[in-house]
Ligand code: FES
C-alpha cells in the first residue's frame, strides 16, 4: 500500500485527481488529491496538521474531529473533494480564538488526558460547546462529547475540566495557570 503522503503529493501517472481549495485555520490551501482521499488524511498527511488524529477511520472514535464551516465533524467521514470551498479549523487553529488556552489549562489541572490521543478531538468538541452552549449542564457536557472516545480517563476528569471552563466563563474569569510561574 502506498503511503498517504504519496497519495497527496506524488500521485502516480494516470491516476485522476481533483483540485480542491480549502481555508484551513485562516489560510487558503490548494491541493490536487485523489478523489478517494479522506479529509482526515489530507489534513494530517497532506497539510501536516498532525494535531488531527486518525483512530478508527470509521466515524466512531472522534479523534479526527475538526470544525467544518463552524460545526464539529469527524473528518474521516468526508472525502477531501467534498470539502472544496469550505472553511476548516483544526486544533492548531484554536490557539487563535483563545478558547484553547483555558481548555488546555483546565485539562492540565484536572489531568484530563493520559495518552492524549483523544485530546485534540475533545478540545475541538469542547470549544464548540463553550461557544454554542455556554450554560450547559454537566449532563449536557457528557452528551456533547459522547461522539469522542477516551480510552484512558473514564471521562470524569474531561467533564470536570470542561465544566470548570464553563463556570469560569460564566463568572467572567480565566482558568488559573497550573504552573505557579506561568
Ligand atoms: Fe474519524 Fe475515528 S478516525 S472517528
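What number of residues within region 70-112 satisfy the criterion of being part of a loop (DSSP other than H, G, I, E, B), closer than 19 Å to residue 145 by Cα and more than 16 Å from the ligand (Cβ to nearest atom)?
Total satisfying the criteria: 4.
Output the number of the condition that residue 115 fails; it satisfies all remaining conditions of (1) modelled with pLDDT of 95 or more; (2) within 16 Å of the ligand (Cβ to nearest atom); (3) outside any helix (DSSP H, G or I); (4) more than 15 Å from the chain's Cα centre (by Cα).
Tallying (1) modelled with pLDDT of 95 or more; (2) within 16 Å of the ligand (Cβ to nearest atom); (3) outside any helix (DSSP H, G or I); (4) more than 15 Å from the chain's Cα centre (by Cα), residue 115 fails exactly one: (1).
So that you can scan it fast, the table gives a plain yes or no per residue for (1) modelled with pLDDT of 95 or more; (2) in contact with a strand residue (DSSP E or B) (Cβ under 8 Å, 6 or more places away or on another chain); (3) closer than 22 Å to residue 46 by Cα:
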{"residue": "58", "(1), (2), (3)": "no, no, yes"}
{"residue": "86", "(1), (2), (3)": "yes, yes, yes"}
{"residue": "98", "(1), (2), (3)": "no, no, no"}
{"residue": "104", "(1), (2), (3)": "no, no, no"}
{"residue": "135", "(1), (2), (3)": "yes, no, no"}
{"residue": "152", "(1), (2), (3)": "no, no, no"}
{"residue": "163", "(1), (2), (3)": "yes, no, no"}
{"residue": "166", "(1), (2), (3)": "yes, no, no"}
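Every residue, every condition in (1) more than 20 Å from residue 122 (Cβ to Cβ); (2) within 14 Å of the chain's Cα centre (by Cα); (3) within 13 Å of the ligand (Cβ to nearest atom), yes or no:
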{"site": "21", "(1), (2), (3)": "yes, no, no"}
{"site": "27", "(1), (2), (3)": "yes, no, no"}
{"site": "41", "(1), (2), (3)": "yes, yes, yes"}
{"site": "54", "(1), (2), (3)": "no, yes, yes"}
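What number of residues within region 27-55 are closer than 18 Å to residue 69 by Cβ and in contact with a helix residue (DSSP H, G or I) (Cβ under 7 Å, 6 or more places away or on another chain)?
Here the count works out to 7.
Can you find, within region 118-152, the residue that is nearest to the ligand (Cβ to nearest atom) among those that are surrounded by fewer than 13 Cβ atoms within 10 Å (Cβ to Cβ) and assigned to a loop (DSSP other than H, G, I, E, B)?
151
Quick check on this structure: which one of 52, 77, 90 is surrounded by fewer than 19 Cβ atoms within 10 Å (Cβ to Cβ) and modelled with pLDDT of 90 or more?
Details: 52 fails: surrounded by fewer than 19 Cβ atoms within 10 Å (Cβ to Cβ); 90 fails: surrounded by fewer than 19 Cβ atoms within 10 Å (Cβ to Cβ).
Step by step, each of 52, 77, 90 is checked, and only 77 is surrounded by fewer than 19 Cβ atoms within 10 Å (Cβ to Cβ) and modelled with pLDDT of 90 or more.
In region 38-48, what residues are touching a strand residue (DSSP E or B) at 6+ places or on another chain (Cβ under 7 Å) and part of a loop (DSSP other than H, G, I, E, B)?
47
The values are calculated or read from the model by the stated rules, or taken from the named source; none is laboratory data. All figures in this text were calculated on a predicted structure; none of them were measured in a lab. Heads up, the Cβs are rebuilt from the backbone with ideal geometry, glycines too, and the neighbour counts pull from every protein chain shown.
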